[in-house]
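The values are calculated or read from the model by the stated rules, or taken from the named source; none is laboratory data. Note that the coordinates shown come from a computational prediction; the quantities given were computed from them, not determined experimentally. Glycine also receives a Cβ, built like all others from the backbone with ideal geometry; neighbour counts cover every protein chain displayed. Only protein heavy atoms, including side chains, enter the accessible area calculation; ligands, DNA and RNA are left aside. Shrake-Rupley method; radii C 1.70, N 1.55, O 1.52, S 1.80 Å.
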Amino acid sequence: MKLFIDSADIEEIKEAYSYGIIDGITTNPSLIKKAVDKYGKIKIKDYIKKILKIAKNTPVSLEVLSANYKAMVQEANTLYKAFNPVAKNVVIKIPVDPSFGHNDNHFDGVKAIRTLARKKVPVNATLIFTPEQALLAAKAGARYVSPFLGRFDDFIRAMYKMKFKKEDYFPMHGHKAGWNYNGVYSGVDLVAQIVQILENYDTEVLAASIRNVRQLRECALVKADVATVPFKVIKEMVVHKKTEEGMINFTKDIVVEYAEMLRRKR
Ligand code: E4P
């Protein structure tokens, strides 16, 4: 499974890429706002170019802001023209259904994906909450589909009036009482169903909205192609109390001759 960083914070991105295990970046308008809030006045165009250069040969998702077919395609073209020449790694993020629930333009996202895919612009279909949305996006030619698994868990828990914190783990097989939304039992189950449905498509399943390492592991277990995670989760991946304790004990046990032999080799 590929590992993307879900961030627009350049310091976090730089640090994560220095580990040598990051395969791409996802951003969204909220993450860009977070970066602007942190770094103050930034020249957004230069800032994005810097991020693209850090990512080099790995894909970076940039999201459109509009919510209708024409404007989304226009914005996608603007973003792609302005930024893809920098490092040839731009992916355009398009919401699968931009209708806000009250406009009659539910299919504008799918149509925009189709138009962009025909022009060979890679698309990440975002805000996916059902296997059917993922299927539509894949049929339209999306390069990636992004099921938001953490937010799906929020949705299930809220539906059944459960109290929870955003980072709380929710079981991949769902609540023991059988809670589900139209046959989907958890965010990870949503990812698993999409993986199965898209088996014969070129579209990659990009598990998003991951809040903890256990969800990340479960995405790998259900064979998601990609998981995008906040920097905080990447850092948690490497830590275990017993690893730290082992380091302390091994360090205490170092034999002088063994240490000297290694120092001489430096
Ligand atoms: C992915 O592309 C999204 O930017 C992200 O994963 C959303 O995560 P959140 O639900 O924790 O905000």
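Observations
- Identity of the residue in segment 73-99, in a loop (DSSP other than H, G, I, E, B) and within 22 Å of the chain's Cα centre (by Cα), that ends up surrounded by the most Cβ atoms within 10 Å (Cβ to Cβ): V96
- Among the candidates V256, V226, V238, the residue that is open to solvent by less than 30 Å² (accessible area, probe 1.4 Å) and hydrophobic (A, V, I, L, M, F, W, C) is uniquely V226.
- Residue in segment 139-151 that is nearest to the ligand (Cβ to nearest atom), counting only those that are open to solvent by 10 Å² or more (accessible area, probe 1.4 Å) and farther than 22 Å from Q215 by Cβ: R143
- Criterion (in a loop (DSSP other than H, G, I, E, B), of a type outside the set (V, I, T) and either on the phi > 0 side of the Ramachandran plot or within 16 Å of the ligand (Cβ to nearest atom) (or both)) met by exactly one of A177, A224, A207: A224
- Cβ-Cβ contacts under 7 Å between residues 6 or more apart (or on different chains), taken from a first residue in segment 107-135 that is surrounded by 24 or more Cβ atoms within 10 Å (Cβ to Cβ) to a second residue that is assigned to a loop (DSSP other than H, G, I, E, B) and polar (S, T, N, Q), are listed as D108/N68.
- Neighbours by Cβ (under 7 Å, 6+ apart or cross-chain): first from segment 204-216, modelled with pLDDT under 95; second near the ligand (Cβ under 7 Å from one of its atoms) and assigned to a strand (DSSP E or B): none
- Scan of segment 45-70 for residues that are open to solvent by less than 20 Å² (accessible area, probe 1.4 Å) and small (G, A, S), ordered by number: A55, S61
- Taken as a whole, the structure leaves A158 outside the set of residues that are within 16 Å of the ligand (Cβ to nearest atom), within 28 Å of V121 (Cα to Cα) and more than 16 Å from the chain's Cα centre (by Cα).
- Filter result (open to solvent by less than 10 Å² (accessible area, probe 1.4 Å) and within 17 Å of A227 (Cα to Cα)) within segment 152-169: F152, D153
- Scan of segment 204-215 for residues that are open to solvent by less than 10 Å² (accessible area, probe 1.4 Å) and either touching a helix residue (DSSP H, G or I) at 6+ places or on another chain (Cβ under 9 Å) or more than 14 Å from F4 (Cα to Cα) (or both), ordered by number: V205, A207, A208, I210, Q215
- Count - residues of segment 25-44 that are open to solvent by 70 Å² or more (accessible area, probe 1.4 Å), within 15 Å of the ligand (Cβ to nearest atom) and assigned to a loop (DSSP other than H, G, I, E, B): 0
- Residue within segment 15-24 that is touching a strand residue (DSSP E or B) at 6+ places or on another chain (Cβ under 9 Å) and within 14 Å of N124 (Cβ to Cβ) present: yes
- Boolean, I22 is under 17 Å from the mean Cα position of the chain (by Cα) and either away from the ligand (no atom under 16 Å from the Cβ) or in a loop (DSSP other than H, G, I, E, B) (or both): yes
- Filtered by the rule that a residue be more than 13 Å from the ligand (Cβ to nearest atom) and either of a type in the set (K, R) or open to solvent by 10 Å² or more (accessible area, probe 1.4 Å) (or both), segment 4-19 gives I10, E11, E12, K14, E15, Y17, S18, Y19.
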